[in-house]
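Structure record follows, encoded as structure tokens.
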Amino acid sequence: MKKVWCLLLMMFGLHIAQASSLKIATLHPLLSEMAMAIGGEQVEVVDLFPANGDLHSFAPTGRQLAAAAGADMLLVCGKGIEPYLTDLSQSLSKETKIVGLGRDIPNVFLPNSQRVDPHWWNTPENMKRASRTLLREVSEAAPQHKSYFTANQKKYAADMDALTRKARLQFSRIPQERRYLITGHAALCHFCKEFGFTPITIHGISKESEGDTATLAALLKDLRNKDIRCVFTEVGASPKILEVIAEQLGVPTAPLVLDGIFPGNQQYEALFMHNVNTISKHLK
Ligand SMILES: [Zn+2]
């Protein structure tokens, strides 16, 4: 009889353990990191984004979606960076709620444009805002762990504030007239607004679109009148056009992480500080 009770208790215990954890699928490694930071041991995180994938050409395959089966929520960046979301919502089971973590983050527009820069993760302040959205979602889905999630988010927010302070300190040494960030695709508008830089981009939002020769000539003319110290390429990619611009201006190139995908090290702190240190080193 005692054995039967033990067995029943074990089964009951197992049931409680299963019921207490949330399964969270994500479409970006930084969102996985955030989900693990806030959810801790109460969540199982499934990252659907492939290693060395390209954020702008990625769309989850049937196989990747199968890995999301039974997920309570699917975390996405939002702000239009996942154009396939409408189709995706039809492929997912009804139990899986799609949560756009960019939804509470104020829009920042591309220079002289009505287009929104979707790369909100490039500032820790926005990561903090997104973590508050995530906190609300996980607390609603598993209210029994609300205080645990809240404590985790508080620590996460403090970590993000520390990164913002570090960046501000380093950037305080960069003279006002050198505060231009020339990049290939428009990914630093949030960053520039937060830290007081002016973004100058060669392409639009995605990496594929090319500027025409006349535009390039006009851009070069404009850049020669500015105190440009560096042209910023992207880790893992160095478009020829950026090298040409750097050569024409007689300045070096240096790689930044723009899409939040840092090969070999996916941690936010490392990639954000890589950007801060690289910018600081070349513009101060
Ligand atoms: Zn991008």
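Residue 52 satisfies every condition listed in (1) at pLDDT below 90; (2) surrounded by 13 or more Cβ atoms within 10 Å (Cβ to Cβ); (3) in a loop (DSSP other than H, G, I, E, B) except (2).
Residue count for segment 163-177 satisfying the condition of being assigned to a helix (DSSP H, G or I) and in contact with a helix residue (DSSP H, G or I) (Cβ under 8 Å, 6 or more places away or on another chain): 7. Among all residues of segment 206-223, there is at least one that is in contact with an Asp or Glu (Cβ under 9 Å, 6 or more places away or on another chain) and on the phi < 0 side of the Ramachandran plot.
Out of the residues in segment 245-269 that are without any contact (Cβ under 8 Å) to a residue 12 or more places away in the chain and over 19 Å from residue 51 (Cβ atoms), which is surrounded by the most Cβ atoms within 10 Å (Cβ to Cβ)? Checking each candidate, the answer is 247. Quick one: in segment 182-207, which of the residues that are part of a strand (DSSP E or B) and within 14 Å of the ligand (Cβ to nearest atom) is nearest to residue 260 (Cα to Cα)? The extreme case among them is 183. Looking only at residues in segment 32-83 that are away from the ligand (no atom under 16 Å from the Cβ) and hydroxyl-bearing (Ser, Thr, Tyr), which one is farthest from residue 268 (Cα to Cα)? So the residue we want is 61. Report whether or not residue 272 is touching a Lys or Arg at 6+ places or on another chain (Cβ under 6 Å) and either surrounded by 19 or more Cβ atoms within 10 Å (Cβ to Cβ) or at pLDDT 95 or above (or both). Answer is no for this residue. Please indicate, with yes or no, whether at least one residue in segment 90-111 is under 26 Å from residue 63 (Cα atoms) and in a helix (DSSP H, G or I). Yes, segment 90-111 contains at least one residue that is under 26 Å from residue 63 (Cα atoms) and in a helix (DSSP H, G or I).
In segment 225-284, the residue that is farthest from the ligand (Cβ to nearest atom) out of those that are part of a loop (DSSP other than H, G, I, E, B) and among the acidic types (Asp, Glu) is 227.
The values are calculated or read from the model by the stated rules, or taken from the named source; none is laboratory data. In this text the structure is predicted, and so the values were computed from the model without any measurement. Note that we place each Cβ from the backbone using ideal geometry, even for glycine, and neighbour counts take in every protein chain shown.
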